[in-house]
Amino acid sequence: MPRSRVLPVLLGLFGLVVLASPLTFGLAGIPGVSPPDAITDSGDTINRVYWVIYALAAIVFIVVEATLVLFIFRYRRRRPGAVADAEGPQIHGNTTVEVLWTVIPALLLLGLAIFTFSQVPDVEAKPTGDEDALVVDVTAHQFYWQYRYRDSGALSYDRLVLPVGRKISLVLRSADVDHSWWVPELTGKRDAIPGRTNELHFRTRRTASLDSGVCGEFCGIQHARMVFRVDVVPQGEFDSFISDTTPDAVDQIALGKEQWRAACAKCHGFEGQGDIGPAIAGNNTLTNLESLRQLLYEGQNLEANPGYMPPVGKGWTDEQIRTLIAYVKSNDKLAPPGDGGGQSGG
Ligand code: CUA
């Protein structure tokens, strides 16, 4: 290939790689740099802001890097016919160039700022007041998410079920430290802060099973296990989920198992065999309402290790504690001897 063509070809390839990388990774199923497809208008807006910033950054990157590579070749010392020890021209200042490299980036940043702020109202998707929103009280705990469906009192843990097409209002609180609720397909993150109430509003456009829910704020040793799923289902399916999980109708053992998995098993193991927390299978506290309530509300502070166990069930109703006990008693690996242990298949 003639020398004069090598450089443009290299630059072209380089530009193609940069521009194509999100597509390539996306098609291969690798997340790459693409955000996931949103299923709400709020999520679409966030993705739009992302792509505008990405495109602008890519253009700036290509222009700057291409100029750099061009200069390396064009003004290198050993050009054909150049004198080996020649000195370049001594330039002191160039007002035009200096004004340009100040004004252009400033205008780019100003444009980005105006565009970004113009999109904020769409991201926030504030409630209009006259809408029949589904309200879910979300309580963040170390290290799980509790969902209480306000109208029915139904509960779920680490799994949020939502009807498709309806306006959703999540009311976020924390029982202990800062956490952050985040499902990239739905909308942006929002923190759950002790002593404060935050809200998130969005409307889902289609059914989906999302297993991408995470806690976005480092909140302690099991932060990475505060993952959760969101199932967006047709209205009929949502209605039967609610009627099956209202306090009157719920399968106590199934709900207790969900509680165990969310609140206990992440530290003590699913069979209570011990993990980063001690083994607790067969412990008498597990089936005693009074002492279990105290443990769940206060956690454990050891002299050598304050905060040894977080107050994982702070704010739980006695009903919730009884549900957990019902599950423990039903499971012969967990139940204390003589308290249901060995009586069922677990
Ligand atoms: Cu909760 Cu990190």
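The values are calculated or read from the model by the stated rules, or taken from the named source; none is laboratory data. All figures in this text were calculated on a predicted structure; none of them were measured in a lab. Reconstructed Cβ throughout: ideal geometry from the backbone, glycine too, with neighbour counts over all protein chains shown.
See the values below:
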{"item": "Counted residues, region 259-298 - those being farther than 28 Å from Val214 by Cα and either in a loop (DSSP other than H, G, I, E, B) or not aliphatic (A, V, I, L, M) (or both)", "result": "10"}
{"item": "Scan of region 164-197 for residues that are more than 15 Å from Val230 (Cβ to Cβ), among the polar types (S, T, N, Q) and more than 15 Å from the ligand (Cβ to nearest atom), ordered by number", "result": "Thr197"}
{"item": "So Leu200, is it part of a strand (DSSP E or B), within 14 Å of the ligand (Cβ to nearest atom) and either touching a residue at least 24 places away in the same chain (Cβ under 8 Å) or over 25 Å from Ala263 (Cα atoms) (or both)", "result": "no"}
{"item": "Residues of region 315-340 that turn out to be at pLDDT 90 or above and part of a loop (DSSP other than H, G, I, E, B), as a count", "result": "3"}
{"item": "Extreme residue, farthest from Val232 (Cα to Cα), among residues of region 203-217 that are in contact with a helix residue (DSSP H, G or I) (Cβ under 9 Å, 6 or more places away or on another chain) and either hydroxyl-bearing (Ser, Thr, Tyr) or within 12 Å of the ligand (Cβ to nearest atom) (or both)", "result": "Glu217"}
{"item": "Condition check for Ala249: surrounded by fewer than 19 Cβ atoms within 10 Å (Cβ to Cβ) and free of Cβ contacts under 8 Å to residues at least 12 places away in the same chain", "result": "yes"}
{"item": "Qualifying position, being in contact with a Gly (Cβ under 7 Å, 6 or more places away or on another chain) and among the polar types (S, T, N, Q), among Gln142, Gln119", "result": "Gln142"}
{"item": "Any hit, region 252-271, residues being touching a residue at least 24 places away in the same chain (Cβ under 8 Å), touching a strand residue (DSSP E or B) at 6+ places or on another chain (Cβ under 9 Å), of a type in the set (Gly, Ala, Ser) and more than 30 Å from Asn305 (Cα to Cα)", "result": "no"}
